[in-house]
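S.K.: Provided herewith is a single structure, encoded as structure tokens, for subsequent inquiry.
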Amino acid sequence: MKRLLLSLVLVLPLLAGCTKKDNEIAIGEYDSMTGSEATFGLSSNKGVRLAIDEINAAGGVKGKKLALTAMDDQGKNEEAAAAVTRLITQNKVVAILGGVASGRSKAAAPIAQSKGVPFLSTGSTNPDVTKIGNFVFRVCFIDPFQGFVMAKFANENLKLKKVAILRDVKNDYSVGLADAFVQEFKKRGGEIVDDLSYQSGDIDFKAQLTQIRSKNPDGIYIPGYYTEVGLIAQQARQLGIKAPLMGGDGWDSDKLSEIGKDAINGNYYSNHYTTESTDPAVTEFIKKFKAKYNETPDALAALGYDAAKILAAAIERAHDLSGNAIRDELAKTKDFAGVTGKITLNENRDAVKSAVIIQVDGKNRKYVTTISP
Ligand code: PHE
């Protein structure tokens, strides 16, 4: 009797959990929502929630509501891995959205891969991320392309001949993007006059910038995240360096100009979408986002929105809610009309899309040009 009671006590909550879950599909998200890359996760989460609200309002997926559990990795690899483990084992999510910072994705995606849970990154551009395995996808372009984009712009539009590099050696993304830029810029006959490093969390960059100044480059490529880049811009201008600064999507945050102030204005970075687009899908998205959050969506908000919609469409098409079925449908994503462009996931589970060049103007992101693969 005692044993029966005990098993009832154990089984009843499980049953209750099941009935509740019967009309819901659990989706997980993890991202950096605090720390020095916090805007990446906060924005991505806003985009994801807007998409899920719309999907649920329109009847959900397979007649069920999508139920999102979002977790903060604090910008730390161990926390990212722990969050994904918890989402899978405790929340029993059918798929995971997120992973902006490539380093965090490289720590977390192997867990999803080993448990057979589809993992769809919003903004991780480092090529190694999707190489982790066949359950790992992304809705963004990759860094060999992003590096090519800025090297082409530096060479053809800015007509730069001598560029210095300042890379974050503690950040896989930064190292990969710097390498891609160097390769393409040299191929075009450009010269790399210096290639120096810093580490995420540094606040004083004067030694590197002083050395760079002595080489008199006509541009500096700094493919880092906004917190350090804002400080680097300030210190570069204090040292009298006037050469244009260039970067990648890691610059895309309202915080960039809060930290960099005037010093960051006029500089260029590559990005996933432009708020100046006249595509009705984009203008409509921006309108809805502003109505809900009272702010303009940055690139990650747009990528989060696209990722959630692509995942929902794959779940809808899947013959059941198993990891394999959802994975197979994600892999078939083709010509999805996203706000960050038309998304087709290729055989490497990456999206092949155009990039835009943005010129910083306070919190405005001035569209300069589009560069296609
Ligand atoms: N691409 C960056 C990375 O892989 C993350 C990022 C994406 C940052 C989009 C801003 C906007 O680490």
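S.K.: Given the peptides 251-264, 190-203, 161-174, arrange them by the average over their residues of other C-beta atoms within 10 Å, most packed first.
M.R.: Put in order of decreasing packing, that is 161-174, 251-264, 190-203.
S.K.: Expressed as a whole number of Å, what is the distance separating the alpha-carbon centroids of segment 23-53 and segment 126-188?
M.R.: 26
S.K.: Along the positive direction of the dipole of the chain (beta-carbon charges: Lys, Arg +1; Asp, Glu -1; about the Cα centre), which of 227, 307, 177 reaches farthest?
M.R.: 307
S.K.: Right, here's the next one. If you average the C-alpha positions of segment 258-323 and of segment 73-88 separately, how far apart do those two centres end up, in angstrom?
M.R.: A separation of 23 Å, based on Cα centres.
S.K.: Would you calculate the convex hull of the Cα atoms in segment 17-169 and tell me its volume per residue in Å³?
M.R.: Looking at segment 17-169, the number lands at 135 Å³ per residue.
S.K.: Can I ask one more? Report, in deg cm²/dmol and to the nearest 500, the calculated mean residue ellipticity at 222 nm for the chain, where each DSSP H run with n ≥ 4 adds -39500 (n - 2.57) and the sum is divided by the residue count.
M.R.: Mean residue ellipticity, 222 nm, calculated: -15000 deg cm²/dmol.
S.K.: With θ taken as phi - 60° and the coefficients 6.51, -1.76 and 1.60, list the Karplus ³J(HN,Hα) couplings across segment 328-342 in order, rounded to whole Hz; mark glycine and proline as x.
M.R.: Couplings: 4, 6, 4, 4, 8, 4, 9, 6, 6, 7, x, 6, 9, x, 7 Hz.
S.K.: Here is a follow-up. By how many degrees, 0 to 90 and rounded to 10, does the Cα axis of helix 299-317 deviate from the longest principal axis of the chain?
M.R.: Result, in degrees: 30.
S.K.: Note down the magnitude of the dipole of segment 263-354 about its Cα centre, charges +1 on Lys and Arg C-beta and -1 on Asp and Glu C-beta and zero elsewhere, to the nearest 20 debye.
M.R.: For segment 263-354, the charge dipole is close to 120 debye.
S.K.: Have a look at segment 240-373 and give its Rg and Dmax from the Cα atoms, expressed in angstrom.
M.R.: Reported Rg and Dmax, both Å: 17.1, 62.
S.K.: Roughly what angle does helix 102-115 make with the longest principal axis of the chain, taking Cα atoms, 0 to 90 degrees, to the nearest 10?
M.R.: 30
S.K.: In addition: Report the net charge of residues surrounding residue 169, where surrounding means a beta-carbon distance below 11 angstrom and charges are Lys +1, Arg +1, Asp -1, Glu -1.
M.R.: Result for the local shell: -2.
S.K.: Roughly speaking, what is the centre-to-centre gap between segment 210-243 and segment 92-106 when only Cα atoms are used, to the nearest Å?
M.R.: 32
S.K.: Treat segment 114-206 as a sphere of radius equal to its Kirkwood radius over Cα pairs and apply Stokes-Einstein at 4 °C in a medium of 1.567 mPa s; give the translational diffusion coefficient in µm²/s, rounded to a whole number.
M.R.: On the way: Rh = 14.7 Å.
My calculation gives 88 µm²/s for D.
S.K.: Turning to a different aspect of this structure: In the neighborhood of residue 71, defined by Cβ-to-Cβ distances under 11 Å, what is the net charge if each Lys or Arg adds +1 and each Asp or Glu adds -1?
M.R.: -4
S.K.: Please state the relative contact order of the chain as a whole percent: Cα pairs under 8 Å, 6+ residues apart? Display every interim value, and only then the final one.
M.R.: On the way: 804 pairs, mean separation 63.3, N = 373.
Taking the mean separation of contacting Cα pairs over the length of the chain, I get 17 percent.
S.K.: Please name which of 166, 189, 263 has its Cα lying farthest along the dipole of segment 143-271 towards the positive end, using unit charges on Cβ (Lys, Arg +1; Asp, Glu -1) and the Cα centre as origin.
M.R.: Working it through, the farthest residue towards the positive pole turns out to be 189.
S.K.: Let me ask something additional. Rg/Rh for the chain: what does it come to with C-alpha atoms and Rh from Kirkwood?
M.R.: Here Rg/Rh amounts to 1.02.
S.K.: Equivalent ellipsoid semi-axes for segment 143-271, as square roots of 5 times the alpha carbon gyration tensor eigenvalues: give them largest first, rounded to whole Å.
M.R.: The three semi-axes for segment 143-271 are 20, 16, 14 Å.
S.K.: Taking θ as phi - 60°, what are the ³J(HN,Hα) couplings along segment 279-292 by the Karplus curve (6.51, -1.76, 1.60), each to the nearest whole Hz, with x for Gly and Pro?
M.R.: Couplings: 4, x, 5, 6, 5, 5, 4, 5, 4, 5, 5, 5, 5, 7 Hz.
S.K.: Oh, and also: Could you give the dipole magnitude of the chain about its Cα centre, charging the beta-carbon of Lys and Arg +1 and that of Asp and Glu -1, in debye to the nearest 20?
M.R.: Details: 48 positive and 44 negative charges, 95 e Å.
Dipole magnitude for the chain comes out near 460 debye.
S.K.: With angles folded into 0 to 90 degrees, how steeply does helix 226-238 sit against the dominant principal axis of the chain? Use alpha carbons for both and round to 10.
M.R.: 10
S.K.: Before anything else, pin down the relative contact order of segment 143-271: Cα pairs under 8 Å, at least 6 apart, normalised by residue count, whole percent.
M.R.: For segment 143-271, the relative contact order is 26 percent.
S.K.: Can you give the local net charge around residue 323? Use residues other than it whose beta-carbon is closer than 12 angstrom to its beta-carbon, Lys and Arg +1, Asp and Glu -1.
M.R.: 0
Here, each number is a calculation from the coordinates, and none is a lab measurement. In this text, all values refer to a predicted model and were calculated from it rather than measured experimentally. FYI the Cβ positions are ideal-geometry reconstructions off the backbone, even for glycines, and counts take in every protein chain you see.
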